[in-house]
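Chemist: This is the structure I have questions about; it appears just below.
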Amino acid sequence: EGHDHYLVLQEQLCWLCVIICGQRCKHVFLRLVEQEKDPDFWKEWAQRTLKNALTLQDLNKNVAKNIILFLGDGMGVPTVTAARILKGQLSGQNGEETQLEMDKFPYVALSKTYNTNAQVPDSAGTATAYLCGVKANEGTVGVSAAAVKSQCNTTRGNEVTSILKWAKDAGKSVGIVTTTRVNHATPSAAYAHCVDRDWYSDGDMPAEALQSGCKDIARQLFENIPDIDVIMGGGRRNMYPRNTPDVEYPGDKKHNGTRKDGRNLVGEWTDRMKDKRGYYVWNRKDLFSLNPNNVDYLLGLFEPADLPYELERNKETDPSLTEMVDVAIKILRKNERGFYLLVEGGRIDHGHHDGKAKQALHEAVEMDRAITRAGLLTSIYDTLTVVTADHSHVFSFGGYTHRGNSIFGLAPIMSDIDQKPFTSILYGNGPGFKFVNGARENVSTVDYEHNNYQAQAAVPLSMETHGGEDVAIFSKGPLAHLLHGVQEQHYIPHVMAYAACIGQNKDHCHTNSGSPSLSHISPTLALLLSVKWLLC
């Protein structure tokens with residue numbers, strides 16, 4: 001499948017050693033690493049890569065029955081690289097030579113992320129771009145740039161629809177899976193039209209906005225597209241009347257319901273779906289008690305707000321992103337017309353904002369695991385999968401570190417200005433700025449590999465900021481080659497819709513009979529794909 005046997009063998013040996021010995025296993029592949037000293041090793045590797053690249057000339061022009069968008073919130077290119085190294089080091093390798101699942105995608109492009117009114121964007125305006133296909137102002141979701149942030153009266157007439165709605169209108173099943181609240185900036189652009197991304201419930205809205213007829217985002221989740229097939233993430237407290245105790249944390253008032261209108265949106269959804277094989281779950285146990293074959297609609301709200309970081313996740317109560325993606329695809333793929341699925345690794349962004357690089361990078365590795373799982377449950381012949389980010393962060397790593405240096409470790413040199421050590425990972429700004437006795441903190445005196453260590457920052461801020469550089473777009477499957485070069489961010493959903501024969505570009509997808517055609521799939525291959533689908 002184009003994988004380098006060297007890397008695959010390394011990983012297999014490492015995991016075998018971990019299973020048997022329960023320890024890091026760098027010594028297992030030292031002999032393999034010795035090959036790096038031989039020029040022929042690198043030449044042969046390049047030749048294998050070249051042969052694989054030549055196969056890409058036979059472009060996949062099939063119709064995309066299924067379309068999946070993986071969105072790493074805040075996953076800039078430095079984050080991708082650091083996550084790659086972390087993934088390798090978690091299995092005992094040096095890390096630099098490791099491949100993320102997204103690294104294996106055959107096509108890579110760059111996305112320009114600016115908002116219409118912001119050089120360095122936010123997650124709301126960017127979500128409107130890569131979901132609705134139009135650039136927008138920062139802080140707004142599902143509305144054009146003619147809408148003004150926080151001004152309710154600029155909403156009407158400026159609404160724009162998303163690829164999720166285009167897919168639903170075409171008869172496909174649709175789903176949203178996120179590690180944030182289901183009414184957070186990224187998922188909300190898929191269904192809501194709101195001039196303020198922070199209007200999570202009516203309890204978060206000013207009186208004038210409510211009086212002018214604007215709706216909160218949680219309400220829009222259930223009313224704008226009332227039959228979204230799968231919804232999983234956090235955000236319970238925005239669905240219940242104010243002061244309603246949370247089912248999981250009944251004694252903690254900060255998790256109580258926030259709605260002023262007295263509505264129980266979960267109860268309303270449950271009543272509406274009770275005769276449609278619809279299920280509501282709020283914990284991992286109940287999620288896995290379901291047979292996806294017997295579920296047509298699923299609402300899973302696993303926390304009052306965002307889900308916990310993967311490093312802090314209670315594995316008894318909260319599902320991982322990979323587990324949610326697994327269940328979502330198994331439900332959605334029952335539709336013979338296919339599906340659209342939005343998956344957000346949302347807490348990559350939160351880790352960076354907190355200056356907690358370890359949390360952010362483990363979130364990115366977990367999203368990559370989810371991408372792997374999705375690949376096993378689908379086929380490149382009929383599923384277009386796109387992995388991208390909404391924006392970057394002012395996160396960096398450097399310092400001339402040696403091969404295999406812990407991604408969270410120290411640079412091998414001291415500062416030649418203050419003669420103190422520094423970690424490879426640093427932030428341009430954020431909460432990690434710290435002076436001790438009027439000088440930069442000596443990081444060798446603290447646990448810089450702690451899960452919640454806040455990396456040093458150049459400028460003091462309570463929250464680290466986004467970065468403004470381009471982000472990567474990885475793609476595979478039907479017409480994935482259309483995501484090439486350097487593109488505006490709003491181009492992404494237009495390519496996905498074109499590949500799936502939904503939205504405004506449909507003429508190229510139909511045979512004389514008017515039905516979508518899939519080219520290049522032989523009967524034998526179709527049989528093999530069917531067998532794979534059944535086994536997974």
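Chemist: Among the listed pairs Lys112/Lys358; Lys358/Lys434; Lys215/Lys315; Lys87/Lys330; Lys254/Lys330; Lys104/Lys358, which have their C-alpha atoms separated by more than 28 angstrom in this model?
Modeler: Lys215/Lys315; Lys254/Lys330
Chemist: HN-Hα J couplings of the stretch 301-312 from phi, Karplus 6.51/-1.76/1.60, θ = phi - 60°, integer Hz, Gly and Pro as x?
Modeler: Working through the residues one at a time gives 10, 9, 8, x, 10, 6, 6, x, 4, 4, 5, 10 Hz.
Chemist: Viscosity 0.692 mPa s, temperature 37 °C: give me the Stokes-Einstein translational D for the stretch 46-103 in µm²/s, with Rh taken as the Kirkwood radius over C-alpha pairs.
Modeler: Diffusion coefficient, whole number: 231 µm²/s.
Chemist: What residues qualify as long-range amide H neighbours of Gly300, i.e. H under 5 Å apart, gap of 5 or more or another chain, H built at 1.01 Å from N?
Modeler: Ile231, Met232, Gly233, Val281
Chemist: For Ile473, enumerate residues with amide H under 5 Å from its amide H, sequence gap 5+ or separate chain, H modeled in the peptide plane.
Modeler: Under 5 Å from the amide H of Ile473 lie the amide H atoms of Ala109, Leu110, Ser111, each far enough along the sequence or on another chain.
Chemist: Go through the stretch 247-256 residue by residue and turn each phi into a ³J(HN,Hα) via Karplus (6.51, -1.76, 1.60, θ = phi - 60°); whole Hz please, and just put x for glycine and proline.
Modeler: For the stretch 247-256, the Karplus-derived couplings read 5, 9, 10, x, x, 10, 5, 5, 9, 5 Hz, x marking Gly and Pro.
Chemist: Once fully extended, how much extra length lies between Asp447 and Val486, figured as 0.36 nm per residue of separation less the alpha-carbon to alpha-carbon distance?
Modeler: 10.0 nm
Chemist: Over the residues of the chain, compute the C-alpha Rg and express it relative to 2.2 N^0.38 Å.
Modeler: So the Cα radius of gyration is 0.99 times the expected 2.2 N^0.38 Å.
Chemist: Report, for the chain, the % of DSSP beta bridges that are antiparallel, rounded to 5.
Modeler: For the chain, the DSSP antiparallel bridge percentage is about 35.
Chemist: How high is the relative contact order of the chain? Use alpha-carbon pairs under 8 Å, at least six apart in sequence, and give a whole percent.
Modeler: 22 percent
Chemist: Using θ = phi - 60° and the Karplus curve 6.51 cos²θ - 1.76 cosθ + 1.60, what whole-Hz ³J(HN,Hα) does each residue of the stretch 338-345 get, with Gly and Pro shown as x?
Modeler: x, 8, 10, 10, 9, 10, 10, x
Chemist: Right, something else. Near Lys356, which aspartates and glutamates are there with a Cα under 17 Å away, not counting those fewer than 8 places off in the same chain?
Modeler: Asp73, Asp306, Glu310, Glu312, Glu366, Glu441, Asp447, Glu449, Glu464
Chemist: In addition: For the chain, what is the accessible area per residue in Å², given a 1.4 Å probe and the full set of protein chains? Provide the component values of the computation, followed by the final result.
Modeler: Values: 23050 Å² over 536 residues.
On a per-residue basis, the chain sits at 43 Å².
Chemist: Over the stretch 433-512, with every protein chain in place, what whole percent of the accessible area is carbon and sulfur at 1.4 Å, could you tell me?
Modeler: 52 percent
Chemist: Further question on the same structure: With runs of 4+ DSSP H residues as the only contributors, calculate the mean residue ellipticity of the chain at 222 nm using -39,500 (n - 2.57) per run, divided by the residue total and rounded to the nearest 500.
Modeler: So the helix-based figure for the chain works out to -9000 deg cm²/dmol.
The values are calculated or read from the model by the stated rules, or taken from the named source; none is laboratory data. In this text the structure is predicted, and so the values were computed from the model without any measurement. SASA here: full protein model, heavy atoms, side chains in, ligands and nucleic acids out. Shrake-Rupley method; radii C 1.70, N 1.55, O 1.52, S 1.80 Å.
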